[in-house]
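Contents: one structure, followed by commentary.
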Amino acid sequence: MDLIRVRNVEKKYKNGVTAIYDLNLAIEKGSFVFVIGGSGSGKSTLIKMLYREEKPTKGQVIVGGLDVAKLKDKKVYKLRRKLGIVFQDYRLLQKLTVYENVAFALECIGEKKDDIRVKVLKALEDVGLKNKVHSYPDQLSGGEQQRVSIARAIVNNPKLLLCDEPTGNLDPEKSMEIMKVLNDINKNRGTTIIMATHDEKIVNKMKKQVITLKDGHLVNFKQKGKYENEAI
Amino acid sequence: MKLFRMLARSIRDAFKSVIRNFSLSLASISCITITLIIVALAIIASMNVQNFTKEIEKDMTIVVFLDNDTDEEEAKIVENKISKMSNVSKYTFQTKKDVKEKMQQESEVFNTVLETWDDENSPLKDTFQVKVKNIEKIKSTAEQIEKIKNVSVVRYGEGMVDKMVTAFSSIEKVTYGIVIALILVTIFLIINTIKLTISARKREISIMRLVGASNFTIKTPFIIEGMILGMFGSIVPILITMYGYTAFYKHFNGYLFSELIKLIVPEPFIYQTSLAILGIGILVGMIGSASAVRKYLKI
C-alpha cells in the first residue's frame, strides 16, 4: 500500500520561481527513500509539501490518507501527528534536558505523564542515548543532538519520518552513526523514511530507493539507486 | 480529562512566562493599572452624574399659579383638567393660606411682612404642584397647563437645573469617550507585550507546530498570560475604588458641593464597580493577547 501519493504536483512560489514541475510519485509503506539533487532542485520543497509547510500550487499530495493541499490551517496538526520531522539544525530547546526535549512533543499533544515516560525512554533507547537523559543539548556533540531530535521525531511512533539533510552538519563518521539509527528505526519500527540529502557516500553505501530531482523535474526513481553525478 | 490536563499545563506555562519575563510583565501590568485607575474614576464619575441627574429629574415640578380672583369652584375645574392630562403623575393643591403659612415658617422676614396682609388682599396665589411622568415632555405639559382658563403663570425648573443636567450629560459623554480610547490604548500595549513574549518563544512555538500541537494548545497559554496581566493590573484600581470612594463619600458626607448633588452610597456600588474593572482588565488582556498570537498561528 502506498503511504504517499504525489499526483501532477506543481509548486510555484510567490516570487515567481517554480520549484517543482509536474511531479508524480508513489511511496510504499515501510520504504526508505533518498531524495537527492543539487541546490534549487526542489528536494526541500518536496519535503516541505509532505508536512504541509508549503502547499502545492497544482495537483494532489496525499500522505497517509490525508489530502495535504486541502487541509485547513487549523487541521494541519492532524497531519503533523502522523509524522516525525528531523532537520539539519536539530531544532532542540536549549533550556530543556534531553528527556524534556523529547517529552515536549508528547506534552504538546496532551499525553499522560506515565505514558510519556515510557515512550520517551523507549525512543531514547532506540537512538542510543539512554545514558544522557539529564544532559542539556549544549553538553552534547552534534551527532548526539541529532539523535535527540530523531528521538523526538519518533517518540509518537509516526508512520512517516521526514529528514531534511539530517547529516548536513556532521562529519562522515557521525553521519554513518545517524544513518545506522535511521536504518534501525526503518527496520524495527517499520517507519517509512524519506530523507533529502546531497551526501554521495551515504546514498551509495545504503543502497536504498533514490529519487533524483533536477531543476524541479523528476529525473528518475530507482530501487537500490546510486548517486549519479550527471543528475546534479 | 485530556482537556483539563492541557488547561492545567497552559495555566502553568502562563504563570511561568509572566515570571520569566518579569520586567516586561511589570511594564504592561503598570500600564493596565494606570488605564484602569482612569477607567475606574470615569466609571465612578459617570455613574454619579447619572445618579444625580435622575435625582434632579425626580425633583422637577411644574408650579401652576392661578389668577388672584379664582374662586374655589374655578380651581376645581382647573384641577380636573390637570388630572386628566396623560403626562401628569401626581399633583397637590395649595391655597393662598397654605402658601402663606409655609412661607411664614420658612423665615422671620417673610413672617413679619406677611403678617401685615390679610387673606383678602394677599398678593399670593393658589398653586398646584404638578409632577410629570416623562421629564422630556415637561415643557409641552407646562404649555398645555398654561392655556387652561384662570391659570396665570406656569413655572418649572427650566433655568439653572436644566442647564446643569445638559452640562453633566455632555461630561458623561466625554468620559465615555475617554474610557473607550484608554481601553484601546491598553489593548494595543498588551498586544505589544505579548508579541515580545511570543517572539522570545518563537522557536518553541515552531517546534510545537512541527510536533503536532493544535492551535488551541499553542494559543491558550498566551491568552491566559494576557488574562493574568489584566488581573494583576486591576488590583490597584480595585483597591482605589473600594477604599478611595468610601473615604471620599465619608469626607463629603454623601453630598458634593451642595445638597443638590447626592453621591451614590458606597455599598454595593464599589463592589459592582470593582467587578466591572476586574472584568474589563481580564477582557482587555484576553483580546490583546488573542490578537497578538493570531499572526503566529498561520502555518
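In square angstrom, what is the accessible area per residue of the stretch B:61-156 with a 1.4 angstrom probe? Display every interim value, and only then the final one.
Working: 6320 Å² over 96 residues.
Ligands and nucleic acids excluded, the figure is 66 Å² per residue.
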Alpha carbon convex hull of the stretch A:1-119, volume per residue in cubic angstrom:
150 Å³
Which value in deg cm²/dmol, rounded to the nearest 500, describes the helix-derived mean residue ellipticity at 222 nm for chain A, given -39,500 (n - 2.57) per DSSP H run of n ≥ 4 and division by the residue count?
-9000 deg cm²/dmol
So which of B:LYS102/B:LYS139; A:LYS72/A:LYS130; B:LYS96/B:LYS133; A:LYS48/A:LYS201; A:LYS29/A:LYS201; A:LYS14/B:LYS219 end up more than 31 Å apart, counting from Cα to Cα?
A:LYS72/A:LYS130
Taking every alpha carbon pair in the stretch A:101-183, what does the distance histogram look like in 10 angstrom bins from 0, in percent?
18, 51, 28, 3
Counting C-alpha atoms alone, how compact is the stretch B:61-156: give Rg to one decimal and Dmax as a whole number, in angstrom.
14.2, 41
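Largest first and in whole Å, what are the equivalent-ellipsoid semi-axes of the protein assembly as shown based on the Cα gyration tensor, each being the root of 5 times an eigenvalue? Display every interim value, and only then the final one.
Details: eigenvalues 1432, 129, 54 Å².
Output for the protein assembly as shown: semi-axes of 85, 25, 16 Å.
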Taking each pair of distinct Cα atoms in chain A once, what is the resulting Kirkwood hydrodynamic radius in Å?
18.0 Å
What is the distance, in nm, between label points placed 7 Å from the Cα along the Cα-to-Cβ direction at B:SER152 and at B:LEU283?
5.7 nm
Cα pair distances of the stretch A:158-232 binned at 10 Å [whole percent]
18, 52, 28, 2
Any chance you could look up the accessible area of A:HIS217 with a 1.4 Å probe, heavy atoms only, rounded to 10 Å²?
90 Å²
Can you give me the accessible area per residue for chain A, using a 1.4 Å probe, in Å²?
47 Å²
Solvent exposure ordering (accessible area, 1.4 Å, most first) of A:MET179, B:MET85
B:MET85, A:MET179
Report, to the nearest 10°, how far helix B:160-200 tilts away from the longest principal axis of the Cα atoms in chain B, using its own Cα long axis and a range of 0 to 90°.
0 degrees
On a straight-distance basis, which lysines could pair with B:LYS100 in a cross-link, Cα separation under 17 angstrom, same-chain partners fewer than 8 positions away excluded?
B:LYS125
Which of A:VAL120, A:VAL133, A:VAL98 ends up with the largest GNM mean-square fluctuation for chain A, with Cα atoms connected below 10 Å?
A:VAL133
Can you tell which of B:ILE138, B:ALA167, A:LEU71 lies farthest toward the positive end of the dipole of the protein assembly as shown, using +1 and -1 charges on the Cβ of basic and acidic side chains (Lys, Arg; Asp, Glu)?
A:LEU71
Distance in Å, no decimals, from the C-alpha centre of the stretch A:1-61 to the one of the stretch B:231-278 is 66 Å
Once you have all Cα-Cα distances for the stretch A:106-147, histogram them in 10 Å bins from zero and send the whole-percent values.
26, 48, 25, 0
J(HN,Hα) series, the stretch B:245-255, from Karplus relation 6.51 cos²θ - 1.76 cosθ + 1.60, nearest Hz, glycine and proline x:
5, 4, 5, 4, 4, 5, 4, 9, 6, x, 10
Which of these, B:GLU55, B:GLU225, B:GLU73, has the largest mean-square fluctuation under a Gaussian network model of chain B (Cα springs below 10 Å)?
B:GLU73
Give me the percent of the accessible area of the stretch A:79-197 that comes from carbon and sulfur atoms, probe 1.4 Å, all protein chains in place.
46 percent
Starting from 0.36 nm per residue, how many nanometres of slack lie between B:ASP67 and B:LYS54 once their C-alpha separation is accounted for?
1.4 nm
How far is helix A:172-184 tilted, in degrees, relative to the longest principal axis of the Cα atoms in chain A, given as a value from 0 to 90 rounded to the nearest 10?
90 degrees
Please build a GNM for chain A, connecting alpha carbons under 10 Å apart, and tell me which residue among A:GLY40, A:GLY110, A:GLY30 fluctuates the most.
A:GLY110
Name the aspartates and glutamates eligible as straight-distance cross-link partners of A:LYS75: C-alpha to C-alpha under 19 Å, and not fewer than 8 places from it in the same chain.
A:GLU53, A:GLU54, A:ASP67, A:GLU107, A:GLU111
Per-residue accessible area, 1.4 Å probe, largest first, puts B:MET227, A:MET1 in the order A:MET1, B:MET227
Nearby aspartates and glutamates by direct alpha-carbon distance to B:LYS16 (threshold 15 angstrom, same-chain neighbours under 8 apart not counted):
B:GLU204, B:GLU225
What is the angle, in °, between the Cα long axis of helix A:113-126 and the longest principal axis of the Cα atoms in chain A? Nearest 10 is fine, range 0 to 90.
70 degrees
Computed for the stretch B:61-156: size of charge dipole around the Cα centre, +1 on C-beta of each Lys and Arg, -1 on C-beta of each Asp and Glu, debye to nearest 20, value 840 debye
Which listed pairs, of A:LYS112/A:LYS132; A:LYS205/B:LYS202; A:LYS74/A:LYS174; A:LYS11/A:LYS208, have C-alpha distances above 29 Å, in listed order
A:LYS205/B:LYS202; A:LYS74/A:LYS174
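How large is the convex hull of the Cα atoms of the stretch B:228-299 per residue, expressed in Å³ as a whole number? All intermediate terms of the calculation are to be shown ahead of the outcome.
Numbers: hull volume 6.4 nm³, N = 72.
Considering the Cα atoms of the stretch B:228-299, their hull volume per residue is 89 Å³.
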What number do you get for chain B when its Cα radius of gyration is normalised by 2.2 N^0.38 Å, N = residues?
1.61
Give the long-range amide H neighbours of A:LYS214: residues separated by 5 or more places, or on another chain, with amide H under 5 Å away, using H modelled in the peptide plane at 1.01 Å from N.
A:VAL219
Return the ratio Rg/(2.2 N^0.38 Å) for the stretch B:1-85, where Rg is computed over Cα atoms only.
2.65
What would the Debye equation give as log₁₀ I(q)/I(0) for the stretch B:107-247 at q = 0.13 Å⁻¹, counting only Cα atoms as equal point scatterers?
-0.89
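The values are calculated or read from the model by the stated rules, or taken from the named source; none is laboratory data. Here the structure is a predicted model, which is why all the values come from computation and not from measurement. Virtual Cβ from ideal backbone geometry, glycine too; neighbours counted across all protein chains shown. When the accessible area is computed, the model is the full protein with side chains, heavy atoms only, and any ligands, DNA or RNA have been set aside. Shrake-Rupley method; radii C 1.70, N 1.55, O 1.52, S 1.80 Å.
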